[in-house]
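Heads up: the structure comes next, in structure tokens.
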Amino acid sequence: MNYRDTLHAIETTTALEIIGIGYEPKGAYLSFPCPNKCENSAVMKIYGDKKNLWYCPKCKKGGNLLKLAMETKGLEWEKTKELLSKCVFRTMVTSHSGAKLPAVPEHGYQ
Ligand SMILES: [Zn+2]
């Protein structure tokens, strides 16, 4: 898988849990503390073309989940890929097929 496919295959919530970032669901987004430490909340899209891309409306910084994981954990790309392989969908359901991704996590909602 290339970088883009890897990014799209990652389940956002599981990834943030593995990285150790607390988040709050907000519709199609997850809200989490800005990694740029501007004391605002950044948002990350959880599906669609911009899935796993984050943006902070206050400091205007943004990036993607893979880079966020590397910076937060201080890891190289290979290690990051290894770490996040745990949260890649077992069945690759990509935007190519137009199929819907599972909405309910295995452990269910509280
Ligand atoms: Zn910010």
TODO: List every residue pair whose Cβ atoms sit under 6 Å apart, with the two residues 6 or more apart in sequence or on different chains, where the first one lies in segment 28-44 and is under 12 Å from Cys59 (Cα atoms) and the second, anywhere, is among the aliphatic types (A, V, I, L, M) and not in a loop (DSSP other than H, G, I, E, B).
DONE: Cys34/Ala42; Pro35/Leu68
TODO: Read through the list (1) on the phi > 0 side of the Ramachandran plot; (2) of a type in the set (S, T, N, Q); (3) within 8 Å of the ligand (Cβ to nearest atom), then give the number of the only condition that Asn36 fails.
DONE: (1)
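Any residue at all in segment 86-108 that's away from the ligand (no atom under 16 Å from the Cβ) and either part of a helix (DSSP H, G or I) or modelled with pLDDT of 90 or more (or both)?
Yes, because at least one residue in segment 86-108 is away from the ligand (no atom under 16 Å from the Cβ) and either part of a helix (DSSP H, G or I) or modelled with pLDDT of 90 or more (or both).
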TODO: Having 2 or more residues that are at pLDDT 95 or above and under 23 Å from Asp5 (Cα atoms) is the bar; report the strands (runs of 3 or more DSSP E) wholly within segment 17-64 that clear it.
DONE: 29-33, 41-45, 53-55, 62-64
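The values are calculated or read from the model by the stated rules, or taken from the named source; none is laboratory data. Just so we're clear, the structure is a prediction, and the values are computed from it rather than from any experiment. When we count neighbours, we look across all protein chains shown, and the Cβ atoms used for this are built from the backbone with ideal geometry, even at glycine.
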